[in-house]
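To start, the structure itself, in structure tokens.
Please treat every number below as a calculation from the coordinates, not as lab data. Predicted, not measured: the structure shown is a model, and the values here were computed from it. Cβ coordinates were reconstructed from backbone atoms using ideal geometry, including for glycine residues, and neighbour counts include every protein chain displayed.
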Amino acid sequence: MNDPNGMVFFDGEYHLFYQHNPDDTVHGPMYWGHAVSRDLMHWQHLPVALAPDEHGTIFSGSAVVDWKDTTGFFQGRPGLVAIFTHHRSHPDTKQIEQRQSLAYSADSGRTWTKYAGNPVLTCADEPDFRDPKVFWHHGSGRWIMVLAVRNKVSLYGSDNLKDWSFLSHFSAGSREGVWECPDLFPVRIEGTDEYKWVLEVDINPGAVAGGSGGQYFIGAFDGTEFTAENLEDAPLWLDYGKDHYAGVSWSDVPPEDGRRLWIAWMSNWQYANHTPTHGWRNAMTIPRELTLRPVGDGNYRLVQWPVREVEKIRGAAQTAARKTVTKDTPLQLPGVGQCLDIELQLEWKHVQEVGVRVCKSDAEETLVGYDSDKQELYVDRTHSGLTNFHPQFSGRRSAPLALPKKELSLRILVDHCSVEVFAEDGRLSMTELIFPEEDSGDFEVFVKNGRAQVRNLALHRLQP
Ligand code: FRU
């Protein structure tokens, strides 16, 4: 699998479609795989939803609830419409063609019909023209599509999802790689009832940690154009790890819930086809909630936090409080396993590095730490287990994080082959894959030179 696609909430179910090659564990002719969940934690596989046809294979896209039957597909009732990219090389010219198409389902996504008028949006001279994300814009009373076009996004508008007219372009920030999988949505500012619009877009290659990754812009959307604020701060990176790509948000989460929820693919095109797994390859992040946090001077940052549903699958916890840690006296919790939700608050006066080792044994460890000289948070997977399957996998990735109070708050989700790090209540996130031995299950809080205090530690085992 690769990108999440068509995420939509309908009739009590979260749908997750995804880029899927059912016949191989490497990227190939793409289909939409399908899974559903009622709580974002327990997922049920459903049969493949969309398969290649005469227009090509099925690349990324989105799904919406057509509440008012604007398409006429549903005899006046609400139904699901998927808007996706048909990808093929032209049978005669062999040129790559990427064209937007529709499919619809009147039975909660169990069966799908491709629209007879496909494709609905084409562009003859642009080979990178893909990944439509569609939403209903109340202000202008129409559908808006945000589409990745080489290293920009284009916005289109429609009354019926079938006929689209061009509205505007947007391009800024990092334009080194190809832009993919954009999303545009309002996000609540923490502690207020106010919203700002966020435009998210993935780039490959050229992201902050190397290879694939995402950037975002904060601003306003007037129904036609997106305008970014404070572009002098660009690029703003979504995640400083190597394995967070193609994140897109759920459509139609009920207003009484009100959250902006999203999920991303946990890999990197540098090595996505080479990770050492058998019979399956690649996975999604834990679903995360997005908010905006004011950071002074009229600036905001996007905050990611694991959805609260994670707390419902917590099992037994081990806790510690007010424990001093030095180089010779780390805080050790042996045999806690590899499926963990860790909450940790640290403080120090003088320390060179402080952090945790997860999935640890005598031979293996993955470090999540803070380097106080460099003022950087880091994840180091150099000795995390299998790393030599690709030259760009091993190593240490870092993110700038000034901590003048010498206090750090960390939340870390570990799930056998992934480590998702959230620092400072989600202000910074780092997502990385690891491939440890199954019995590398020790945990430790460490310092390098100096002493730190574990103010609070709660290490929850997560139920499978
Ligand atoms: C991003 C991407 C998309 C494309 C899909 C193909 O990872 O390249 O742009 O639609 O994957 O699988």
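Descriptive notes on the structure:
- For the chain: relative contact order, % (alpha-carbon pairs under 8 angstrom, 6 or more apart): 12
- Under 14 Å, Cβ to Cβ, from PRO400 - net charge with Lys/Arg +1 and Asp/Glu -1: -2
- Spatially proximal lysines relative to LYS68 (Cα-Cα < 29 Å; intrachain offsets below 8 disregarded): LYS114, LYS133, LYS162, LYS196
- Three-way shape label, the range 1-133, alpha-carbon gyration tensor, a/c 1.5: oblate
- Computed over every Cα-Cα pair of the range 80-201 and binned at 5 Å starting from 0, the pair-distance distribution P(r) comes out as 2, 10, 18, 21, 19, 15, 9, 5, 2, 1, 0, 0 percent.
- Sorted from longest to shortest, the spans of the Cα atoms of the range 4-306 along the three principal axes equal 53, 47, 43 Å.
- For the range 417-464, the fraction of alpha-carbon pairs lying more than 17 Å apart is 58 percent, rounded to a whole number.
- Summary value for the range 28-173: 16 percent relative contact order, contacts being C-alpha pairs under 8 angstrom separated by 6+ residues.
- Ordered by the count of other Cβ atoms within 10 Å of each Cβ, fewest first, ARG322, ARG99, ARG175 give ARG322, ARG175, ARG99.
- Enclosing the Cα atoms of the range 192-308 in their convex hull gives a volume equal to 145 cubic angstrom per residue.
- Computed magnitude of the charge dipole of the chain (debye, nearest 20; Cβ of K, R +1, Cβ of D, E -1): 640
- Kirkwood-based shape ratio for the range 223-371, expressed as Rg/Rh from alpha carbons: 1.00
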